[in-house]
Amino acid sequence: MTGLGFLYPGHSAEDDYPRIEQLLGSDIRVDVVHTDIGEDAHRVDALLEMGSPGRLAQGVADLRLAGAEAVVWACTSGSFVYGWEGAQDQVRTLAQAAGMPASSTAFAFVHAVREIKVERVAVGATYPEDVASLFADFLRAGGIEVTGVRASGVVTAAEVATWGEEEVLTLARAADGPDAQAILLPDTALHTVAHIPLLEKALSKPVLTANQVTVWEALRLTDRRVNAPTLGSLFTREPIVQV
C-alpha cells in the first residue's frame, strides 16, 4: 500500500480526491488533511498568507500518522504566487517539516506538461487576471510556452466549488486555441475529475486539471505510475514495473 498525503486549503473540491483514489483501482491510499484557508480570496496577499509555512506545518503531523510517504500542497495559486524560487523554498520547507518528499500543485503542472511531452499550453483560470498571469509566468519559468490565458475573475474558492460540468467545459473551450497542445485548468477548488474524459473528447487534446495533476505528482514522488485512462491522457502511461 502506497500512502499519498495532501494538504488541502479549506473545503471546496476535496471530494475529487476519494474519487481519484477509487479510479486508480490499485493499492493507493489518498489522505487529505485540511489547512486553514484564512481569507477566501484569489488575491495575492491572501494567497501568500494561505501558503505560509506556519499554515502548512499544522497539517503534516496528521499525514505522518496516516503513513503518508509523500506530501503535496494541493493549492496552485498558494504556491505559484511566490514565484519560481519562492515556490521552491516553500516545498523545501514543507519537506523538512514533514520529513518526506514534498511538492505543490504548481510544480505538478510543470512536471505533468513535461510528462505528456507538449511544449505549448493554454490556461483556463477561474482566477482574476492578475493572479492568472502569475500562473502563466510560473509556467514560463518552468520552460513551458503559454499560448493564451483565459481568466474568469472569480474571487473566492467557495464560488468556484459550485461550478459544474457546463461551466468547466465552457472555460476549457474559451481557453483553447489552435496553437495549444494541451489545456491547463489550475484551480484545486474546481471539481474536474468527473469531467476529464468529456473535456479531452470535446477538445481533442490533453487536459490537465489541478486535483488530477496533484495526485499524479504524489505518485511521481513515490515512484509509482498507474494506468487509469478515466483520469485522462496523463494517466495513460505504462506503469513502472517493480522488480
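The values are calculated or read from the model by the stated rules, or taken from the named source; none is laboratory data. None of these values were measured; they are calculated from a predicted model. Neighbour counts are summed over all protein chains in view; Cβ atoms, including those assigned to glycine, are modelled from backbone coordinates with ideal geometry.
What pairs come up if the first residue lies in segment 41-56 and is farther than 18 Å from ASP187 by Cβ, the second is of a type in the set (Val, Ile, Thr) and loosely packed, with under 15 Cβ neighbours inside 10 Å, and their beta carbons are under 8 Å apart, counting only those six or more places apart or on different chains?
Sorted first by the residue in segment 41-56, then by its partner, the list stays empty.
Wholly within segment 66-132, which strands (runs of 3 or more DSSP E) include no fewer than the required count, namely at least 1 residues that are surrounded by fewer than 18 Cβ atoms within 10 Å (Cβ to Cβ) and in contact with a strand residue (DSSP E or B) (Cβ under 7 Å, 6 or more places away or on another chain)?
Values: elements: 70-73, 102-104, 120-125.
Filter on segment 66-132 gives 120-125.
Pick from segment 13-41 the residues that are at pLDDT 95 or above and part of a loop (DSSP other than H, G, I, E, B): which of them is farthest from ALA106 (Cα to Cα)?
ASP15
Quick one: would you say GLY38 is small (Gly, Ala, Ser) and without any contact (Cβ under 8 Å) to a residue 24 or more places away in the chain? Spell out how you get there, then give the answer.
Numbers: small (Gly, Ala, Ser): yes; without any contact (Cβ under 8 Å) to a residue 24 or more places away in the chain: yes.
So GLY38 fits the description; yes.
Suppose we filter segment 145-185 for residues that are of a type outside the set (Lys, Arg), out of contact with any strand residue (DSSP E or B) (no Cβ under 8 Å at 6 or more places or on another chain), closer than 15 Å to SER204 by Cα and assigned to a helix (DSSP H, G or I); how many remain?
First pass over segment 145-185, keeping only residues of a type outside the set (Lys, Arg): 145-149, 151-172, 174-185.
The next check asks that each one be out of contact with any strand residue (DSSP E or B) (no Cβ under 8 Å at 6 or more places or on another chain); those that pass are 153-156, 158-167, 169-170, 178.
Now restrict to residues that are closer than 15 Å to SER204 by Cα: 169-170, 178.
Still in the running and assigned to a helix (DSSP H, G or I): 169-170.
Total meeting the criteria: 2.
Quick check on my filter: what residues within segment 111-146 are under 20 Å from SER233 (Cα atoms) and free of Cβ contacts under 8 Å to residues at least 60 places away in the same chain?
Result: ARG114, LYS117, LEU139, ILE144, GLU145, VAL146.
Looking at this structure, is THR188 in contact with a Ser or Thr (Cβ under 9 Å, 6 or more places away or on another chain), within 15 Å of THR105 (Cβ to Cβ) and at pLDDT 95 or above? Lay out the reasoning, then the answer.
On the way: in contact with a Ser or Thr (Cβ under 9 Å, 6 or more places away or on another chain): yes; within 15 Å of THR105 (Cβ to Cβ): yes; at pLDDT 95 or above: yes.
Spelling it out, THR188 is indeed in contact with a Ser or Thr (Cβ under 9 Å, 6 or more places away or on another chain), within 15 Å of THR105 (Cβ to Cβ) and at pLDDT 95 or above.
Yes or no: segment 42-58 includes at least one residue that is acidic (Asp, Glu) and in a helix (DSSP H, G or I). Step through it out loud before you land on a result.
Initially, segment 42-58 is screened for residues acidic (Asp, Glu), giving 45, 49.
Filter once more, so that each one left must be in a helix (DSSP H, G or I): 45, 49.
There is at least one residue in segment 42-58 that is acidic (Asp, Glu) and in a helix (DSSP H, G or I).
Filtering segment 143-155 down to residues that are β-branched (Val, Ile, Thr) and either within 19 Å of PHE109 (Cα to Cα) or buried (at least 18 other Cβ atoms within 10 Å of the Cβ) (or both), which residue is farthest from the chain's Cα centre (by Cα)? Before the answer, list the steps.
Looking only at segment 143-155, we keep the residues that are β-branched (Val, Ile, Thr), and these are 144, 146-147, 149, 154-155.
From what is left, the residues that are either within 19 Å of PHE109 (Cα to Cα) or buried (at least 18 other Cβ atoms within 10 Å of the Cβ) (or both) are 144, 146-147, 149, 154.
Working: ILE144: 16, VAL146: 17, THR147: 20, VAL149: 17, VAL154: 18 Å.
Result: THR147.
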